[in-house]
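Shown next, in structure tokens, is the structure this report addresses.
The values are calculated or read from the model by the stated rules, or taken from the named source; none is laboratory data. All values reported here derive from a predicted model rather than from experimental measurement. Every residue, glycine as well, gets a Cβ built from its backbone with ideal geometry; the counts of neighbours run over all protein chains shown.
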Amino acid sequence: AQRVTQPEKLLSVFKGAPVELKCNYSYSGSPELFWYVQYSRQRLQLLLRHISRESIKGFTADLNKGETSFHLKKPFAQEEDSAMYYCALKVSANQAGTALIFGKGTTLSVSS
Amino acid sequence: NAGVTQTPKFRVLKTGQSMTLLCAQDMNHEYMYWYRQDPGMGLRLIHYSVGEGTTAKGEVPDGYNVSRLKKQNFLLGLESAAPSQTSVYFCASSSAGEAGELFFGEGSRLTVL
């Protein structure tokens, strides 16, 4: 079965503390994973994708196929990082093309 | 350049009523999607389309129908609304070459009484 699991509903940290948002996946094919973010009163938007191995706004995520994980990390949290974060997996359905399925999301709250 | 536009943004329905949500995109994207967002459930894929005239079922398709008669539009229909369909609905689109980068609409909040 294809599935994305984000075990934490809420993660609260202090400004300057490290952040790790967990994501695990289940997929029989070659996985492509993404992190999306939804800031208050803004549209859901792509944060980063594992294929590009980029760092966006100080966030990084490494795909670990052995542990089937794609955790999002940032060494020093900022208050503006407070948002809802979704991990997403691209799935294929033969003739029906591809689509993204999302985890349940983790709310990150950064306080000073 | 409006991106992805959803109408209406808010709607209240009575159980059994029908309605259609319209999604329009001006980015010439091949793929379009409908998701619902519920507290504690995250985003769940309802239906999607990989091109004009084609649709496919997602994770939670029951109770919904869709149509993609024009490339730029993707309609989500509720034939007989139920309280369980109270949710925030998001439309998204992507190009076929960058199917992982979805562009989302602002959402449509639907309440079924």
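Observations on the model:
- Every listed requirement among (1) assigned to a strand (DSSP E or B); (2) surrounded by 16 or more Cβ atoms within 10 Å (Cβ to Cβ); (3) within 14 Å of chain A (Cβ to nearest Cβ); (4) out of contact with any Asp or Glu (no Cβ under 7 Å at 6 or more places or on another chain) is met by B:A99 save one, (1).
- Set A:L44, A:L72: member being hydrophobic (A, V, I, L, M, F, W, C), at pLDDT 95 or above and under 20 Å from A:T98 (Cβ atoms): A:L44
- In summary, A:L10 fulfils each of the numbered conditions (1) of a type in the set (A, V, I, L, M); (2) surrounded by fewer than 16 Cβ atoms within 10 Å (Cβ to Cβ); (3) away from chain B (no Cβ under 12 Å) with the single exception of condition (3).
- Matching entry among A:G29, A:G16 (being loosely packed, with under 13 Cβ neighbours inside 10 Å, in contact (Cβ under 8 Å) with a residue 12 or more places away in the chain and touching a Phe, Trp or Tyr at 6+ places or on another chain (Cβ under 8 Å)): A:G16
- Condition met for B:R44 (surrounded by fewer than 21 Cβ atoms within 10 Å (Cβ to Cβ), touching a residue at least 12 places away in the same chain (Cβ under 8 Å), part of a strand (DSSP E or B) and charged (D, E, K, R)): yes
- Flag for B:V88 being farther than 17 Å from B:H29 by Cβ, within 14 Å of chain A (Cβ to nearest Cβ) and at pLDDT 95 or above: yes
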